[in-house]
Structure formats: structure tokens, C-alpha cells
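These notes concern the structure reproduced below.
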Amino acid sequence: MKFGKSVCIINVGGTKYAFPKDVIKDFPLRRVSRLHSCASEREVLEVCDDYDRERNEFFFDRHSEAFGFIMLYVKYGKLRFVPHMCELSFYNEMIYWGLESSHLEFCCQRRLDERMSDTYTHFTEEHHKTANEISRTDEPSNGKRDSKWLERMRRTFEEPTSSLAAQILASVSVIFVIVSMVILCASTLPDWNTAESNMVEEHRYTDSLEHPSGIIEAVCIGWFTAECIVRFIVSRDKCEFVRHPLNIIDLLAITPYYISVTMTVLTGENSQLQRAGVTLRVLRMMRIFWVIKLARHFLGLQTLGLTLKRCYREMVMLLVFICVAMAIFGALAQLLEHGLDLESGNEEYASIPAACWWVIISMTTVGYGDMYPITVPGRVLGGLCVVSGIVLLALPITFIYHSFVQCYHELKLRSARCTQSLSAEFLN
């Protein structure tokens, strides 16, 4: 901020807060911290609603009481809902100031999830503009804007719903993923292997890449490689692109093919290739990661990934429940079925790890029937194990469900905002 006094006054709905200019720079609220990077009053007015140069006062026409609770979060690190205020209205205020639902306390997150699952959340056009402004401020502003065609290319490859070209590109990518998966699955069929062996015998001097399956595989890999390279070139932040989980999965799906081709070229059709056969088969099976590429184009898979990311605590808690139950029921089952009578006991329960396998298939109500208790106490224990498994697995399901609904709404709104912004640019 290259203007005004050293003390900034934030006026939110009539309630004033005074901060030093240095504090504004690293303020936890993104909308307030954006004031520090403003170089003119015009840029300031894009962030706030009004500005008084003499007093160096920034006015925001927002809910003052809600901002008071947000300031308590800035001061103490705990964010809760304002009493007698709609949860969705307070959530809109959070989005305006640059906060997310993850900043709320756990009890308030539950309230918000329940409310959002009952009512579809509609954000006003003002909030849509706010989110777009925040996303633009996250871009590196070094005075050099990306050209318009580069931004359009980026949206075409990163946002499948942004334009007709993006939808066509996404459809072609999905087709290549499906074709590659069909080839991968078919290559494990006995008839396929027999036909391929006969073809190799008839064309022993022909490289394996000249076979129809090898050609299709090479074309698919070529498409995925070109797509990944173009997306890397048009990305805003190259380091962030490399760290993105979906891009890491793309790399894991593409790299094994080039490694296997390199090993084939270096070793040739000899005994060394046979010794490396297990490695090649493992690398070949890593192509199954291509299925995860569908997450770029389907909202459901994105919702699943975001839900797992936000509910990792509940997932860990569920695994802890299962592990504790496995230890308890496994030890008791081994004792009742084998430990009390070593001579005529059930040999399938000869060890606790073997009994733990029976516990896990019983708690999940799979019941393969490969091992089962034969004593009366063991059967009673088996019934308790099944009932306990049903209860333990059902405990965190409600929270995971509400998180899934919330993530779905957020991603759907984000997709709608991208479509609206693209339409506005097209009309302009």
C-alpha cells in the first residue's frame, strides 16, 4: 500500500477496527490482506465498498456482528457461529472474508453440514465475483499478465465445463482412458495371450509395438503425454502443478510405459528380459492409475476425493476402531477355539493373526465361510463380533455423508462459477 497513513481503520457495518499497516500485510483474512497490495484508490475500491483517504478508513458494507465473531477467530484461533444467525448467512460472510468451512469448530461444521444437506446453497452474484477476485489475487502479480489465448488454453485443459472445446477435449481424453483400460483388461485373458503368442511366432522379427494392441497402447500413451506436457506449459505455477495429486497420478500412469519400452529395447528378446518379466508386469499393471484420470472430468470422483481429504480424521478413527476390535475378538476367538484345547481345537484358529482374518470378514459382514467357529462360546463370540462390526462401521457414516453432500455442492457451485465467468468473457 503506497498511500494513506501508517494506521488503517477497517469499518465493517459501522464498527471500526484500527490496525498498523504492517499488520494488514499478513492479516489472516484474505480480503483484508489484499489491501496491502493495492497501489491506487481504484484497486482499493475493488476490495472494499468505500475509502476515506483523509482518515485512511476502509468501509465494508457487511454484517458487523458476524465480522466480530470472525475477529475472535483471528485473535484466538476459534471460529463459531453467531447465535440466532442463519448458518448459511454466516457461511456467506466467511466466504466474503476469505475463510472456509474447515476453519469452523467441529460442532459448527456439523451444523453447517446438516443445514447444507437439507437446503441447496445458492450464493449471490456478489459472492461469485468475490470468489473470482480471490482466485485472481492468488495468481502471481509481477506486472505481466498472461495473454488471453494462454488463459483460454489453460481453462480448456483444466476446466472441462468451461467451453465446448474443453468438453470435446475431455470427451476424447475419457475415450482414450476407456480404450486403454479395455486393452489392459483384455491383455490378461488366456485367449488374448494365446493369440498374441501366435502372432509373435508368425512375426518373430517384428517388434511388439507393431502389434495392434501395442499400437493402440502407444497412441493412448502419446495422447496422455501430449496432454500432460501442454497442461504443464500453460500452468500458472509450475511447482504447484508438479505437487498436484492428479498430476502426480498422471506421471505414475505414463512413466511405467516408457520404462518398460526402454527395458525391452535394452534387454531384447532374451533371458535377461525373462528375468525382468516380473518387473515389466508390475509396471504394466501400474497403468490402472489411468482410471483415476477420470476424476478430472467427473464431478462424482472429485467429490469422493475431496470428501476423503476432509474426513481423514473420521477414516483414521474408523480404522482405529476396527484394529482395536480385531485385537480383542481375535485374541478371544483364538483362545475359545484353539487355546483351551490344544489337541482337538480348531486348527484354523491356531494363531491370533489367523483369527484376525476371521474377525475382519465377520465385522464387515462379508463371511467367506472359509473359517468359522465350531464351539458354542466361539459362535456366541462370532455373533457379538458381527453386531459390533455393524455398530462400529455405522458410527462415522453420518458425518462422512454430510461432508460428501457439502463437497458436492461446493464443486457444483465452482463449476457453475467457471461457466458463468466464461460466458461473461465471451459476451464482452
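Pull out all pairs, ordered by first then second residue, where Cβ-Cβ is under 6 Å, the residues are six or more apart or on different chains, the first lies in the stretch 339-368 and is over 26 Å from Leu395 (Cβ atoms), and the second is of a type in the set (A, V, I, L, M, F, W, C) and assigned to a loop (DSSP other than H, G, I, E, B).
Once the first residue is over 26 Å from Leu395 (Cβ atoms) and sits in the stretch 339-368, its partners that are of a type in the set (A, V, I, L, M, F, W, C) and assigned to a loop (DSSP other than H, G, I, E, B) give Asn346/Ile374; Glu348/Met371.
Looking at the stretch 377-428, which of the residues that are of a type in the set (Lys, Arg) and farther than 29 Å from Leu335 by Cα is modelled with the highest pLDDT?
Taking the candidates together, the pick is Lys412.
Could you go through the stretch 383-403 and let me know if any residue there is closer than 29 Å to Arg111 by Cα, surrounded by 16 or more Cβ atoms within 10 Å (Cβ to Cβ) and hydroxyl-bearing (Ser, Thr, Tyr).
Scanning the stretch 383-403 turns up at least one residue that is closer than 29 Å to Arg111 by Cα, surrounded by 16 or more Cβ atoms within 10 Å (Cβ to Cβ) and hydroxyl-bearing (Ser, Thr, Tyr).
Output the number of the condition that Lys309 fails; it satisfies all remaining conditions of (1) part of a helix (DSSP H, G or I); (2) over 15 Å from Val391 (Cα atoms); (3) in contact with a helix residue (DSSP H, G or I) (Cβ under 6 Å, 6 or more places away or on another chain).
(3)
Within the stretch 1-32, how many residues turn out to be of a type in the set (S, T, N, Q) and modelled with pLDDT under 85?
Number satisfying all stated conditions: 1.
The values are calculated or read from the model by the stated rules, or taken from the named source; none is laboratory data. Owing to the predicted nature of the structure, the values given are computational and were not obtained by experimental measurement. Heads up, the Cβs are rebuilt from the backbone with ideal geometry, glycines too, and the neighbour counts pull from every protein chain shown.
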